[in-house]
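The values are calculated or read from the model by the stated rules, or taken from the named source; none is laboratory data. Owing to the predicted nature of the structure, the values given are computational and were not obtained by experimental measurement. As a convention, Cβ positions derive from the backbone with ideal geometry for all residues, glycine included, and neighbour counts pool all protein chains shown.
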Amino acid sequence: MTMSEKPATKYFDAVVDELYGVEPGEFVSLRKRYEAQARREGEKDLAERIHRLRKPTTAAALVNRLARKHTDELASLVKLGQRLRRAHRDLAGGRLRELTHERNERVHALLDRAQALSQGRVGEPVRREIEATLEAAVNDGESAHAVLEGRLTTALSPRDVFESALLTGGSGTEPKRAPTTPRLSEQQERQERQRARRDAEARARQARDDARRELRIAEREEAKARRRTEAARAALEAADQEVRRYTR
C-alpha cells in the first residue's frame, strides 16, 4: 500500500486497520515501515500519528483477529448482549437465565477460536483477559463497538450488565429504571457469573487431569518402546556374533 493510492486520512485509517489485524510480533516492524514511508513522502504529521500507535497486548491482538476472522460470531454475541440487557431491564428471570447460559456458551466458543488463532499458545492469564473483553462487549454498547471495530490496544473490563441496562435504558428507547428496584436481577447475574466461573474451573481441572493421564500413557508407551529397542539390539548383536562364528 502506497500513499499515492489514498488521501492521507484514508491512508492512515487503512494503516491502522492493517496494523491491528496482524500478530503482535509483526506490529512494530510494520509500523516502522509505514512511518518511514510517510517521512520519505514528506508527511511528517502522518508519520508522527503512525509512530504513536500503540502495540496491542496479546489478548487485545487476539480479540482484534477474532473481529476479522470470526466477525459473524462476534456480532451474534453483541446482539445477544442487547437482548440480555433488555431482560435485565424487564426483570425477566427465566429469559435472563436462558440468555446467560447462551452467553456463556458463545463466549467459550470464541475463547476456543482465539486459542486456535494463537495455535494453542494462549495461557490462562491471556485467556481471562480475552474473556473479560468479550464480557465487556456483551455488557455495554460502547465496548461492543470497540471490539467489533477490531482496533483494541488492551483488554477491556466488563461493566456490570445491570449497570449497563440502567445507563442505556436497555434498548436505548425506553426510560431508565431506578437502581433500587432490580436487586434480585443483579443478584441473579452475580450468581450466574459465579456458576460460570466454577464451570470454567471444573473444565480447566478436567483438561489438566486428561493431560496428566495422556502423559502417563505416553511415558508407558515410551518405556515399552525403549525395552523393545533394547531387546532388538541384543537380538541383533547375538545374531551378528552367530554369523561371525560361522564365517571365521
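For the range 32-68, how many residues are surrounded by fewer than 21 Cβ atoms within 10 Å (Cβ to Cβ) and over 18 Å from GLU131 (Cβ atoms)?
Residues that pass the stated criteria total 21.
Exactly one of (1) at pLDDT 70 or above; (2) surrounded by 10 or more Cβ atoms within 10 Å (Cβ to Cβ) is unmet by ARG244. Its number?
Status for ARG244: all satisfied but (2).
Would you say ALA132 is surrounded by fewer than 20 Cβ atoms within 10 Å (Cβ to Cβ) and at pLDDT 90 or above?
In short, yes.
For the range 31-93, which fully contained helices (runs of 4 or more DSSP H) count at least 3 residues that are more than 18 Å from the chain's Cα centre (by Cα) and over 27 Å from ALA116 (Cβ atoms)?
44-51, 71-89
In this structure, does TYR11 turn out to be surrounded by 14 or more Cβ atoms within 10 Å (Cβ to Cβ) and farther than 30 Å from ARG127 by Cβ?
yes
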